[in-house]
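The values are calculated or read from the model by the stated rules, or taken from the named source; none is laboratory data. As the structure is a computational prediction, the values presented were derived from the model and not from experiment. For neighbour counting, all protein chains shown are included, and Cβ atoms are generated from backbone atoms with ideal geometry for every residue, glycine included.
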Amino acid sequence: MSEQAAPASPIEPWLREILRCPACRSELRDEAGNGGPELVCTSGACGLAYRIDDGVPVLLIDEARRPA
């Protein structure tokens, strides 16, 4: 059996540690979205997904993908 590794974040580790959701200030987790890598809010009430363009997170609430 082979274990699947978590997607590697295209963001520098030091920056990744300090990023928070701009809407609710919760931590963000790495996920692979339909259009590429994303940072997804860990809050159940929020859950916004922010895309990452060329290693730069787009942390704009108006640009975020709403949870299904």
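Only one of Glu31, Glu63 is at pLDDT 85 or above, charged (D, E, K, R) and under 12 Å from the mean Cα position of the chain (by Cα); which? Before the answer, list the steps.
Numbers: Glu63 fails: under 12 Å from the mean Cα position of the chain (by Cα).
Just one listed residue meets the conditions, Glu31.
I'd like the full set of residues that are surrounded by 14 or more Cβ atoms within 10 Å (Cβ to Cβ) and outside any loop (DSSP other than H, G, I, E, B), limited to the stretch 6-19.
Answer for the stretch 6-19, where residues must be surrounded by 14 or more Cβ atoms within 10 Å (Cβ to Cβ) and outside any loop (DSSP other than H, G, I, E, B): just Arg16.
Restricting attention to the stretch 1-26, and to residues there that are under 14 Å from the mean Cα position of the chain (by Cα) and among the polar types (S, T, N, Q), which single residue is modelled with the highest pLDDT? Show your work before the answer.
First, the residues of the stretch 1-26 that are under 14 Å from the mean Cα position of the chain (by Cα): 6-13, 15-26.
With the extra rule that they be among the polar types (S, T, N, Q), the set shrinks to 9, 26.
On the way: Ser9: 61, Ser26: 97.
Among those residues, the one meeting the criterion is Ser26.
Considering the stretch 41-63 alone, what residues qualify as being among the hydrophobic types (A, V, I, L, M, F, W, C) and closer than 21 Å to Glu12 by Cβ?
Restricting attention to the stretch 41-63, the residues satisfying the condition of being among the hydrophobic types (A, V, I, L, M, F, W, C) are 41, 45-46, 48-49, 52, 56, 58-61.
Of everything in the stretch 41-63, those that are among the hydrophobic types (A, V, I, L, M, F, W, C) and closer than 21 Å to Glu12 by Cβ turn out to be Cys41, Ala49, Ile52, Val56, Val58, Leu59, Leu60.
Take the stretch 34-60 and flag every residue that is aliphatic (A, V, I, L, M), part of a strand (DSSP E or B) and either modelled with pLDDT of 95 or more or surrounded by 14 or more Cβ atoms within 10 Å (Cβ to Cβ) (or both).
Within the stretch 34-60, the first condition is being aliphatic (A, V, I, L, M), and the residues that meet it are 39-40, 45, 48-49, 52, 56, 58-60.
This time we only want the ones that are part of a strand (DSSP E or B), so: 39-40, 49, 52, 56.
Residues satisfying the conditions are Leu39, Val40, Ala49, Ile52.
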